[in-house]
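Remarks on the structure that follows.
Rule-based calculations on the coordinates, nothing more; no lab input. These figures come from a predicted structure and were not determined experimentally. So basically every Cβ, Gly included, is an ideal-geometry build from the backbone, and we count neighbours across all protein chains shown.
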Amino acid sequence: MRILLTGCAGFIGSHLARYLVNKDHDVVGIDNLITGGLKNIKGLYETGRFRFINSNVSEYINVSGRVDAVLHFASPASPVDYLRHPIPTLKVGALGTHNALGVAKAKKAVFMLASTSEVYGDPLVSPQPETYWGNVNPVGPRGVYDEAKRFAEAMTMAYHRVHGLQIRIARVFNTYGPGMRPDDGRAIPNFITQALTVRPLTVYGKGTQTRSFMYIADLTEGLYRLLVSRYNGPVNLGNPDEMTLLELAKIIKEITGSKSKIVLRDLPVDDPRERCPDIRLAKNIFHWHPKIALKEGLTETIDYFREVLAKSGSRKKRSNALKNQ
Ligand code: UDP
C-alpha cells in the first residue's frame, strides 16, 4: 500500500511508520512538529520507503499520486501538550480530520482515525466497551482534546454513511514505550525521569485513580490488524491490566532501583478516576490482545530514557565547558 500518515513524527506515528515500512508499505508522512520531533523519523529515510512533508494538516493536505490508506494520527495527545496548545488541538481534530477525510474520499482510500479512550471522559462504566457513550465535560480543560476526538469520530462516521468511505476508528488507551519525550508530562515519562534523576515521583491526587498501560509494539500490531480488517466502527485498543497510579509509581521505583520518594500533588481538573478497556471486540474481529507485560515494556522504556538522559547530560556538560573556556 501507499499510505498517507499524519502525525508521523509523534510517538505513536513514528512507531507506526516504522512498522508499515518494515511490512514493505510506502509511507508519506506529514507533521508540523508542534509536539513531534524529527529525531523520531531519522532512521526512516534510509529505507527508501518513507517521504516526509512538514506541514499543518489543519490548513490543507496536498499529496500527489495514488494513496491506498490515510491514517490520521496528528494531534497533541498528552494532557500537558493539549493544555499548552488547546486551539491547535481542536483544529486538528476538526479541520485536520475533515481534510484527511477529503483526501481519503478523493483517492478512494481507506481512512483510519486515531481516536482515544478520552472519548469516554471520566467513565461511569468500567471496563469501557465501545457501546458506552462517555461522560465528558465539554467546557473543562480536557474538553479541547476529548471533544475534538468525539467530533472527529462523528465526522468519520458521516463520511462512511454519506460517501460510503471505508473507515476505521481506533480508540487508543494509555500507551507507552521508547520514543516518548521525557518532558511530555504523562505519568510514565514523568515517573521514569524522576526516578532516574533521583527526584520525587509526583503522584497526582491520592494516586487511587486507575489506568491500564499498553506497550507501543502491542498497539502498532493492533492498529495494523484493524486497518486490514473490514470493520467500520470504533474499536478499543488497550491493555486491560488495570492499576492505580500509586502502584505504577512503586513498580517504576522498584525496576529502576531508585531512592526517590513518592510525593502527592494536586489532581488535575477532570482527571478520570478509572480507565480500563473492554477489548472483546478487537479479540473477536481480528484476534488481537496485548502480549507485552508491564515490567517487560517498562524495562525497555527505562533503558531508552537512561540513554536520552545520558545524552542530554553530556550535551549540558559540553556546553558548560565551552561557556567556562
Ligand atoms: N499523573 C501522576 N503524576 C504525573 C503525571 C500524571 O500521578 O507526574 C497521573 C494523572 O493525574 C492521571 C494518570 O497519571 O491520573 C495518567 O496520566 P497521563 O498524563 O499519563 O494520561 P491520561 O491518562 O490522564 O491521559
*What residues qualify as long-range amide H neighbours of Leu5, i.e. H under 5 Å apart, gap of 5 or more or another chain, H built at 1.01 Å from N?*
Val28, Gly29, Ile30, Leu71
*Under a 5 Å amide H to amide H cut-off, with H placed in plane at 1.01 Å, what residues pair with Met214 once short-range neighbours are removed?*
Thr175, Tyr176, Asn239
*Please arrange Asp271, Asp218 by counting, for each residue, the other beta carbons lying within 10 Å of its beta carbon, fewest first.*
Asp271, Asp218
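Around Val136, under 9 Å between beta carbons, what's the net of Lys plus Arg minus Asp minus Glu among the other residues? Please report the intermediate quantities before stating the final value.
Details: positive: Arg142, Arg150; negative: Glu118, Asp122, Asp146, Glu147, Asp270.
So the environment of Val136 carries a net charge of -3.
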_Can you give me the distance in nm between label points at Asn62 and Arg161, each placed 7 Å from the Cα along the Cα-to-Cβ direction?_
3.4 nm
*segment 88-117 and segment 10-41: distance between their alpha carbon centers, rounded to Å*: 16 Å
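Relative to the Cα centre, what is the charge dipole magnitude of segment 55-183, using +1 at the beta carbon of each Lys and Arg, -1 at the beta carbon of each Asp and Glu, and rounding to the nearest 20 debye? Kindly include the intermediate steps, with their values, before the conclusion.
Details: 13 positive and 10 negative charges, 94 e Å.
Roughly 460 debye for segment 55-183.
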_Formal net charge of residues neighbouring Gly93 (Cβ-Cβ distance under 15 Å; K, R +1; D, E -1)_ = -1
_Per-residue counts of other Cβ atoms within 10 Å, averaged by peptide: what ranking do you get for 244-253, 289-298, highest first?_
244-253, 289-298
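Contact order normalised by length for the chain, with contacts defined as Cα pairs under 8 Å and 6 or more residues apart; what percent is it? Could you put the intermediate results ahead of the total?
On the way: 641 pairs, mean separation 53.2, N = 325.
Relative CO of the chain lands at 16 percent.
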*R0 of 35 Å, Cβ-Cβ distance Lys108-Thr47: FRET efficiency to nearest 0.05*: 0.85
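For a protection proxy built on the mean count of beta-carbon atoms within 10 angstrom, sort 172-185, 193-206 highest first, please. Intermediate results must be reported in sequence, preceding the final value.
Details: 172-185: 19.9, 193-206: 17.2.
Answer by packing, highest mean first, reads 172-185, 193-206.
With Kirkwood's inverse mean 1/r over C-alpha pairs for Rh, give me the Rg to Rh ratio of the chain, two decimals please.
Values: Rg = 19.5 Å, Rh = 20.2 Å.
Ratio value, two decimals: 0.96.
If you build the convex hull over the alpha carbons only and average its shadow over all orientations, what do you get for segment 35-138? Give it in nm² to one decimal. Could the numbers behind the result be given before it?
Details: hull surface 34.5 nm².
Hull-based average projected area comes out at 8.6 nm².
Want the number for Ala154 to Arg318: 0.36 nm per residue separation, take away the alpha-carbon distance, what's left?
On the way: separation 164, 0.36 × 164 = 59.04 nm, distance 5.09 nm.
Contour length minus the Cα-Cα distance gives 53.9 nm.
Would you work out the relative contact order for segment 70-154, in percent, from Cα pairs under 8 angstrom that are 6 or more residues apart? Working shown, then result.
Values: 107 pairs, mean separation 32.6, N = 85.
This gives 38 percent for segment 70-154.
Find how much the distance from Asp270 to Val139 grows on full extension, using 0.36 nm per residue of separation minus their present alpha carbon separation; answer in nm with one decimal.
Separation in residues times 0.36 nm, less the Cα-Cα distance, equals 46.1 nm.
Rounded to the nearest 20 debye, what is the charge dipole size of segment 253-324 about its Cα centre when +1 sits on each Lys and Arg Cβ and -1 on each Asp and Glu Cβ?
Details: 17 positive and 10 negative charges, 120 e Å.
Result for segment 253-324 is approximately 580 debye, rounded to the nearest 20.
Rg to Rh for segment 154-228: what is it, with Cα atoms only and Rh by Kirkwood?
Result for segment 154-228 is an Rg/Rh of 1.15.
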_Going by average Cβ density within 10 Å per residue, which order do the peptides 219-231, 69-81, 309-321, 129-141 take, highest to lowest?_
69-81, 219-231, 129-141, 309-321
*Cα pair distances in segment 157-306, grouped into 10 Å bins until the bin that holds the longest one, percent each*: 11, 36, 30, 16, 6, 1
_5 angstrom amide H check on Val172, placed H, neighbours 5+ away_ = Ser115, Thr116, Ser117, Leu237
_Cα centre as origin, Lys/Arg/Asp/Glu Cβ charges: the chain dipole, Debye_ = 840 debye
